[in-house]
Amino acid sequence: MDLTLLPQALVSGVLASGLYALVAVGLALAIGVIGIVNFAHGEFFMVGAFLAYQLFVSFGFDPLLSILFVAPVLFVIGAAIYSSTIRFVLKAPELNQMLLTFGIGIVLQNLALMVWGGDPRSIGGVPYRAMGIQLGGVSVGLVPLGSFVVSVLLVGALYWVLARTPLGRAMRAVAQNRVGAGLVGLEVNRVYLVAFGLSALLAGIGGVMIAVIQSPTPTVGLAYTLKAFAIVVLAGLGNIRGIVSAAIVVALAESLVATLVPNGDALRNAVFFALILGTLVYRSWRRP
Amino acid sequence: MRRRGLWLDLLAAAVFVGLLAGLPAALRAAYGQASVSYLALGIRAVGLAVLALSWDLVARTGQLSLAHAAFYGAGAYAAAVLLKLTGAPLWLGVPLAGAVAAVLALGLGAATLRLYGIYFAIATLAFAEVLKTVVKSLPFAVAGGSVGTNLPPLFRPVFVAGEMERWEVAFLRNRGYFLVYLGLLALAVLVSVLVQRSRLRYAFTAVRTNEAVAGVMGVDPARTKLVAFVISSVIVGMLGAIEAHRFGSVNPDATFSVHTTVLALVTPIFGGLYTTVGPILAALVLSGVEETLKRTLADGYLVAYGVVLVVSVLFMPRGLVGLLRGLVRRERARRAAAAPRAEALGGRDA
């Protein structure tokens, strides 16, 4: 174990946590506000990635610029999916909701496979992709740093919306009591629609960033769905505030093991899920 | 207890399995060489039915398991490693696979079955992902690392020149596998029927509906859930081993693929949960639909498959079985409404 790498691992872990938090917070919004277990969440992420890729290839859009286009498009996609399908299963059993969102995920993934094929794609041509800053022996890539900053801003903005704005108050009210919120005059369905659109939007922006950081294929979605679920569960269902700390914990654990343990990169996923499994088992055995 | 129901169900199951057992011969007589690929489709459908029915057994206790890929993969690897390291007889891997899966299910279940809903689901999913990595990092000589390892086929029909045609070798091999899969399905159906027609059914339903009440009525929720979980995993483990023999190899990413878990839960929901017929019917229908879409659409047939799932949730929330029951009920209501009127008019009873 080489401890000189420790600061580097810590920094990479914190930077990676931003993206995790961004994707997971969108899912937490869908689960917490609407109560829908959305297994297609990662596919919004994937669609965001490939839209940004296409904008870059066709028009030379910088990924930062394409966020401005991807965000509204994903919001509309999310809203359309909500009002055409999800709206009708709000009171159905959880399993039916899951089957529905699995179906939506399969459709989105395979549409993307038809359009872009199965090869990894990335936005490799941006000039700052290889740039970075050196800070006392720790190198910080400009892209991970940028994605971290964007994620922090977006998650912060969401928290601000939830805490301070009428829309946020409406969302919290609907999450607490669907019927009561309707009785005091909130248009529950519209709040759900906006929440689901926002959820897709946040995932989509996360996707734009992964297209710069890595080289995703159209099948990348499921992995992020599962990871987002794991983070949401680690934070506790309905606990949107806990997402950030949960994301930091898993990202740090991943990064520490990947850097410090020999051959640790192969263990990345295992660490992530072992942590979740451990937490859940602990939680189930802890005396209430 | 409902003795008569039990015997009727067993009879129906025996007839169903018996009819399927005659399928290879019928296909061969009807289609000749093409029967080889029809039989391959049949194998996939029966395999899917086994997977779906075993998942439904767990679902009946209200638990949403995402660990089926883990038991499937563990079974496959148990058989592969056994045959690689020892000179054990070819078929010993299959029961061993069931045993290994049962031990894993016992451990995982004991640790996590007090979780409920999505927490349990994520815990089982995490277990599957961890197990995949553990298998990947086993010594290369044991499990072949991330490349995997090979298994011998269960059936090796020999080509006899002059007495048979070339394709008949493939036919005999597929027939062999089809019958083994069918045997496993028969076992799964037997278990499912016995559960449905015994006190276990009430225990399962009570635990699913309300654990606290079930406890008050003298049903131990943890034990009931564990029973379902272990039975289910044995069946899936054996399926994994047989399938590994058929594919000829195991490999961590493919053998532990989440896809197995997804199929295991999509199929029973599509067919109708908490029934024996639903998952089987759905497996047959979905395999047929998938194959037809694949042949007619080629590229992107999975898009249409996804649309089928979405539409089915929206328009038949209780699955195929619920749809059929609804039709039967409506027909009865129509007849009941029509009968008195027919009498009043002096007409004949329809």
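We did not get these values from a lab; they are worked out from the coordinates using the rules stated. Everything quoted here is computed from the prediction, not taken from an experiment. So basically every Cβ, Gly included, is an ideal-geometry build from the backbone, and we count neighbours across all protein chains shown.
Which residue, B:PHE178, B:PHE120, B:PHE140, has the most motion in a Gaussian network model of chain B that connects Cα atoms within less than 10 Å?
B:PHE140
Can you pull the mean other chain C-beta count within 10 Å for peptide A:106-113?
Shielding by partners across A:106-113 averages 5.
Return the single residue from A:SER151, A:SER17, A:SER58 with maximal mean-square fluctuation; model: Gaussian network over chain A, springs between Cα atoms under 10 Å.
A:SER58
Between B:ALA34 and B:HIS259, what is the label-point separation in nm under the 7 Å Cα-to-beta-carbon projection?
2.6 nm
Consider a paramagnetic label point 7 Å from the Cα of A:ALA130 along Cα→Cβ; state which residues of the range A:38-66 have an amide N under 14 Å from it.
none
Only Cα pairs under 8 Å and at least 6 apart count here; give the relative contact order of the range B:47-109 as a rounded whole percent. Don't skip to the answer; put the middle values down first.
On the way: 35 pairs, mean separation 17.9, N = 63.
Dividing the mean separation by the residue count of the range B:47-109 yields 28 percent.
Listing B:VAL195, B:VAL160 from the residue with the fewest other Cβ atoms within 10 Å to the one with the most, what is the order? If you can, show how the numbers build up before the last one.
Numbers: B:VAL195 19, B:VAL160 9.
The most exposed by this proxy come first: B:VAL160, B:VAL195.
Tabulate in residue order the Karplus-calculated ³J(HN,Hα) for the range B:115-122, using 6.51 cos²θ - 1.76 cosθ + 1.60 with θ = phi - 60°, rounded to whole Hz; enter x for Gly and Pro.
So the J values, rounded to whole Hz, are 7, 10, x, 5, 5, 4, 4, 5.
Let me test this: with uniform point scatterers at the alpha carbons of the range A:229-288, what is the Debye-based log₁₀ I(q)/I(0) at q = 0.17, 0.21, 0.30 1/Å?
Summing over Cα pairs of the range A:229-288 leads to -0.59, -0.81, -1.17.
Which distance in nm do the two modelled labels at A:ARG190 and A:ARG241 give, with both placed 7 Å along the Cα-to-Cβ direction?
The answer from the label model is 2.9 nm.
If R0 is 60 Å, what FRET efficiency do you get for A:ALA266 and B:ARG330 from their C-beta distance, rounded to 0.05?
Details: r = 57 Å, r/R0 = 0.95.
The calculated FRET efficiency here is 0.60.
Using 0.36 nm per residue, how much length does the chain from A:ALA223 to A:LEU3 gain when fully extended, once their Cα-Cα distance is taken away?
On the way: separation 220, 0.36 × 220 = 79.20 nm, distance 3.02 nm.
Extra length from A:ALA223 to A:LEU3 when fully extended: 76.2 nm.
Bins of 5 Å, beginning at zero and ending with the bin holding the largest distance: percent of Cα pairs per bin for chain A, please.
1, 6, 11, 16, 18, 17, 14, 9, 5, 2, 1, 0, 0
With a cut-off of 8 Å between alpha carbons and a minimum separation of six or more residues, what is the relative contact order of chain B in percent? Don't skip to the end; give the middle numbers.
Details: 492 pairs, mean separation 104.7, N = 350.
Relative contact order here is 30 percent.
Using θ = phi - 60° and the Karplus curve 6.51 cos²θ - 1.76 cosθ + 1.60, what whole-Hz ³J(HN,Hα) does each residue of the range B:38-47 get, with Gly and Pro shown as x?
4, 5, 4, 4, x, 4, 4, 5, 5, x
What number, in percent, do you get for the relative contact order of the range A:103-217 if the mean sequence gap of Cα pairs under 8 Å and at least 6 apart is divided by its residue count? Show your work: numbers first, answer last.
On the way: 70 pairs, mean separation 38.5, N = 115.
Here the relative contact order equals 34 percent.
If you take the C-alpha gyration tensor of the protein assembly as shown, multiply each eigenvalue by 5 and take the square root, what semi-axes do you get, largest first, in whole Å? Intermediate results must be reported in sequence, preceding the final value.
Details: eigenvalues 355, 215, 129 Å².
Largest first, the protein assembly as shown gives 42, 33, 25 Å.
Give me a comma-separated list of calculated 3J(HN,Hα) values for the range A:118-129, in order, Karplus coefficients 6.51, -1.76, 1.60 applied at θ = phi - 60°, integers in Hz, x for any Gly or Pro.
x, 7, x, 10, 8, 8, x, x, 6, x, 8, 4
Can you give the extra length, in nm with one decimal, that the chain gains between B:ARG295 and B:TYR116 once fully stretched, where that is 0.36 nm per residue apart less the Cα-Cα distance? The partial results should precede the final answer.
On the way: separation 179, 0.36 × 179 = 64.44 nm, distance 4.12 nm.
Full extension from B:ARG295 to B:TYR116 adds 60.3 nm.
Which one of B:HIS245, B:HIS68, B:HIS259 has the biggest mean-square fluctuation once chain B is modelled by GNM with Cα springs under 10 Å?
Maximum fluctuation in the GNM of chain B, among the listed residues, is at B:HIS259.
Once you charge only the Cβ atoms, +1 for Lys and Arg and -1 for Asp and Glu, what is the size of the charge dipole of the range B:3-287 about its Cα centre, to the nearest 20 debye? Please report the intermediate quantities before stating the final value.
Working: 20 positive and 10 negative charges, 85 e Å.
For the range B:3-287, the charge dipole is close to 400 debye.
Using helices alone, I'd like the mean residue ellipticity at 222 nm for chain B: each DSSP H run of four-plus residues gives -39500 (n - 2.57), total over residue count, nearest 500.
On the way: 16 runs with 269 residues, N = 350.
Here the helix-only value at 222 nm equals -25500 deg cm²/dmol.
Counting only other chains, what is the mean number of Cβ atoms within 10 angstrom of the Cβ of each residue in peptide A:88-99?
On the way: counts 4, 4, 0, 1, 4, 4, 4, 9, 9, 1, 8, 13.
The mean count of partner-chain Cβ atoms within 10 Å per residue comes to 5.
What order do you get for B:MET238, B:MET316 when you list them from fewest to most C-beta neighbours inside 10 Å? Provide the component values of the computation, followed by the final result.
Working: B:MET238 30, B:MET316 17.
The order, fewest Cβ neighbours first, is B:MET316, B:MET238.
Calculate the spin-label point distance for A:LEU153 paired with B:ARG166, positioning each point 7 Å from the Cα along the beta-carbon direction, and give it in nanometres.
Result for the modelled spin labels: 6.5 nm.
Return the lysines within reach of B:LYS136: Cα separation strictly under 21 angstrom, same-chain partners fewer than 8 residues apart disregarded; answer none if there are no such residues.
Answer for B:LYS136, where 21 Å is the Cα cut-off: A:LYS227, B:LYS84, listed by chain and number.
Please list, or write none, the aspartates and glutamates whose alpha carbon is within less than 18 Å of the alpha carbon of B:LYS225, excluding same-chain residues fewer than 8 places away.
Reachable aspartates and glutamates: B:ASP56, B:GLU211.
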